[in-house]
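The values are calculated or read from the model by the stated rules, or taken from the named source; none is laboratory data. All figures in this text were calculated on a predicted structure; none of them were measured in a lab. Using ideal geometry, Cβ is built from the backbone for each residue, glycine included, and neighbour counts are taken over all protein chains shown.
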Amino acid sequence: MNRILILLFTGLSFLSYAQKEMNEAWLIIPEGLKKDANAIVRNYETEYFLKSSNNLEVKISYAITILDNEGKSHATQVLNYDVFSKITSGEIIIYDKEGKLINKIGLKDMKDYGTSGLANFFDDSRLKIYEPEVKETPYTIVFNYSEKFSDFFQLPGWYPQSSSDIAVEQASLTIHNPLNIQYKIKQNNLNKDNYSHLDTLLYRRWKMSDIKAFKPESFVKSSQLPSVSFSMKQFQVQGFAGNTDSWQSFGKWSADLIAGRDILPEETTKKILDMVNDIVDPLEKAKIIYAWMQENTRYISIQYGIGGWQPFPASEVDELKYGDCKGLANYTKSLLAVAGIDSYYTLIYAGAGKKNIDPDFPSNQFNHIILCIPFKNDTTWAECTADNFALGYLGDFTDDRYALVINGDQSKLVKTIRYPKEENLQIRNGMMTVNKDGSATANIKTSYSGIQFEYRSDQIKKNDTEQKDYLYNAIDIPAFTLKKVGYDYIKEAKPILKEDIDLDIPKSASITGNRMFIPLNLMNKYDYKPEKDTARINTIFVNMAYIDIDSLVYKIPAGYEIERLPEASAFESVYGKFSFSASVKGNQILYVRKLEQNSGEFPANSWSDFRKYRLNIVKADKATAILKKVAI
């Protein structure tokens, strides 16, 4: 990710004092930092002046040399500001490879955008953006900025190396804290070989040097980049005071934000009561209310002022018929309360990669809100921003991770639902009729359930043309024509989506002389080959467990006979289980493939075994049947 974008997400921007002539040392690119690097940070000085618990000044001087075209994205400067922050000064200076000045840019020269112009996004923050147009590399850019912040509950994070393809000569962070204001620190991936730390009562300094670029490892659970995160022990945001002594206390602050925002219009209250008046089961009541909420609202993002943390009142969401995750969760909570159903506003870090929060570092580590609904025999979860999910289904956006259930000073961390591989199914059945010229017609029926439902869930809302456009990109067949597309959605907490497609494939098989070669795995080939790595550092992380079963029947053309079928294969390891077979019945070939993929973390030193397991699947998925033309 671009360094500046990371700073944008953490609320950070810049300043210092720029050189009118480039530092001569930057003309020399250190040989030891060139490997795997598209850009090199020459100097990155960051200073935080913590003047009070709601007064912070940030100054940054940052110089980066762009080595090649692949590194040009790291030259883009994006600054974010809003009602809680103000950019007080700044400049950008660009030098060519000989150190000669190319351009000097001030804040007024940067393009300024309001983010509220984005679709489904209401925000009072703005962006300043500058994209240098320098054709010849290498060139060096110096960024100098200053920004002031008010009303914050964490200091901006420090990211000395923001991308794996950036090397760093030197970077430092200094925190000036003359009033000894208390804050917490979390350090990640700081290598003791190129890192030093000075810690006094009123002054802290981190320094890193000679950080090499690297090829990022695949199948990792978290970022491999160095960083330092902070959280204020005591904070106040627009009159709402809180602390991060514990998850209970941080949850109490969140509870204060939503207090009194659950009032609904009398008309809506009556409507809800009328809908569920004859229903006895609380879960069935909740399903009806949740479905009604989905039908009568839509999702937008709202980031006005404290709206980044506080939901709109339920009455406003009811009137406007839209809300963000906070507003829709609070609105649904209010609707359920009308029917006598308790539910809890719940903070979570959402994302398909299952990035988890640190349970030992109470702080704002969240980016999303869901609902927790405890029933007598089980807990049900509600994703209030998805109009095509049933009550109880979270999906891979928020499953299997910590969440903070807000219940005043009884708030607590809990784990959300985990979907086992037995529920994450892709079951495919197909009938292919192969013609003499190698073309084929096919009917493919696929059932997607559990997390795998999400591979096709967006198809539910699309028209026929949009569905076909998606499938032309999603189906890994070199050339084909879709003749029919159909879907049947079973909307439950354990969702099932059934897909039924007809397609023409002009080159399903290849012909050489009097032989025809038919690849048997039509739509589910595994072709990713994990890289060789003899010095693996991180544990191996497999995010999702699932089961795929493909049963495909190939009707061979008249005038051909089966000369050879691939030998069946089966193997099993801690990472999963795989098998396939090909058999003959009359003039048909039956191909059956089953993959059971396990999830979890595995030791770094088992990478060669993991890679072998994956390569065996790649090899097996190339299984081909050979037909021979019958002599007349």
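All conditions but one from (1) at pLDDT below 95; (2) assigned to a strand (DSSP E or B) apply to LYS184; the one that does not is (1).
Among residues of region 158-170 that are farther than 16 Å from ASP68 by Cα, those with a Cβ under 6 angstrom from a residue that is small (Gly, Ala, Ser), sequence gap 6+ or separate chain, pair up as TYR159/SER227; PRO160/ALA171; GLN170/SER209. Is it the case that some residue within region 296-315 is assigned to a loop (DSSP other than H, G, I, E, B), in contact (Cβ under 8 Å) with a residue 12 or more places away in the chain, more than 27 Å from the chain's Cα centre (by Cα) and more than 30 Å from ASN598 (Cα to Cα)? Yes - at least one qualifying residue is present in region 296-315. Can we say ASP387 is farther than 23 Å from ILE302 by Cβ and part of a loop (DSSP other than H, G, I, E, B)? Judged against the criteria, ASP387 is not a match. Considering region 407-435, and only residues there that are assigned to a strand (DSSP E or B) and of a type in the set (D, E, K, R), the residue that is nearest to LEU590 (Cα to Cα) turns out to be ARG428. Which one of the conditions (1) over 27 Å from the mean Cα position of the chain (by Cα); (2) modelled with pLDDT under 95 does TYR591 fail to meet, given that it meets all the rest? It is condition (2) that TYR591 fails.
Counted as qualifying within region 31-137 are the strands (runs of 3 or more DSSP E) with 2 or more residues that are surrounded by 18 or more Cβ atoms within 10 Å (Cβ to Cβ), namely 39-52, 55-66, 77-81, 85-95, 126-130.
For every residue, the table says whether it meets (1) surrounded by fewer than 15 Cβ atoms within 10 Å (Cβ to Cβ); (2) within 30 Å of LEU33 (Cβ to Cβ).
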position	(1), (2)
ASN177	no, no
LYS184	no, no
PRO226	no, yes
THR244	no, no
PRO265	yes, no
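If the condition is being of a type in the set (Lys, Arg) and either touching a residue at least 12 places away in the same chain (Cβ under 8 Å) or not assigned by TED's automatic domain parsing to the domain that holds PRO160 (or both), then region 181-213 contributes LYS184, LYS186, ARG204, ARG205, LYS207, LYS212. The single condition among (1) under 18 Å from ILE141 (Cα atoms); (2) touching a residue at least 40 places away in the same chain (Cβ under 8 Å) that LYS35 does not meet is (1). Going through region 36-66 one residue at a time, which ones are among the hydrophobic types (A, V, I, L, M, F, W, C) and within 29 Å of the chain's Cα centre (by Cα)? Answer for region 36-66, where residues must be among the hydrophobic types (A, V, I, L, M, F, W, C) and within 29 Å of the chain's Cα centre (by Cα): ALA37, ALA39, ILE40, VAL41, VAL58, ILE60, ILE64, ILE66. Flag: THR379 does not match the condition of being in contact with a strand residue (DSSP E or B) (Cβ under 6 Å, 6 or more places away or on another chain) and not charged (D, E, K, R).
Which strands (runs of 3 or more DSSP E) does region 532-586 wholly contain that include 3 or more residues that are modelled with pLDDT of 95 or more, farther than 24 Å from SER218 by Cβ and in contact with an Asp or Glu (Cβ under 9 Å, 6 or more places away or on another chain)? Outline the logic, then answer.
Numbers: elements: 540-542, 546-555, 560-564, 569-573, 576-585.
In region 532-586, 576-585 are the strands (runs of 3 or more DSSP E) which contain 3 or more residues that are modelled with pLDDT of 95 or more, farther than 24 Å from SER218 by Cβ and in contact with an Asp or Glu (Cβ under 9 Å, 6 or more places away or on another chain).
Within region 575-600, how many residues turn out to be under 30 Å from ARG536 (Cβ atoms) and surrounded by 13 or more Cβ atoms within 10 Å (Cβ to Cβ)?
Total satisfying the criteria: 13.
What's the total number of residues in region 300-321 that are of a type in the set (Gly, Ala, Ser) and modelled with pLDDT of 90 or more? Let's see the steps before the verdict.
Just the residues of region 300-321 that are of a type in the set (Gly, Ala, Ser), to begin with: 301, 305, 307-308, 314-315.
Those still in the list that are modelled with pLDDT of 90 or more too: 314-315.
Result for region 300-321: 2.
Pairing residues of region 283-295 that are more than 23 Å from LEU320 (Cβ to Cβ) and assigned by TED's automatic domain parsing to the domain that holds THR385 with residues that are of a type outside the set (Gly, Ala, Ser) and surrounded by fewer than 16 Cβ atoms within 10 Å (Cβ to Cβ), at Cβ distances under 6 Å and at least 6 apart in sequence or on separate chains, gives LEU283/PHE375; LYS285/ILE279.
Just to verify a result, which residue in region 416-454, among those that are among the basic types (Lys, Arg) and under 30 Å from TYR349 (Cα atoms), is nearest to the chain's Cα centre (by Cα)? The extreme case among them is ARG418.
If you go through region 82-129 and pick out every residue that is over 29 Å from LEU67 (Cα atoms), at pLDDT 85 or above and of a type in the set (Lys, Arg), you end up with 1.
Counting only strands (runs of 3 or more DSSP E) that sit completely within region 214-279, those holding 3 or more residues that are touching a residue at least 40 places away in the same chain (Cβ under 8 Å) and within 20 Å of LYS184 (Cα to Cα) correspond to 227-232, 234-237. In region 351-396, which residue that is of a type in the set (Asp, Glu) and touching an Asp or Glu at 6+ places or on another chain (Cβ under 9 Å) is nearest to SER222 (Cα to Cα)? It comes out as ASP396. Number of residues in region 460-479 that are over 17 Å from ILE505 (Cα atoms) and touching a strand residue (DSSP E or B) at 6+ places or on another chain (Cβ under 6 Å): the value is 2. Could you tell me whether VAL41 is in the same structural domain as LEU202 (by TED's automatic domain parsing) and closer than 15 Å to TYR145 by Cβ? The answer is no for VAL41.
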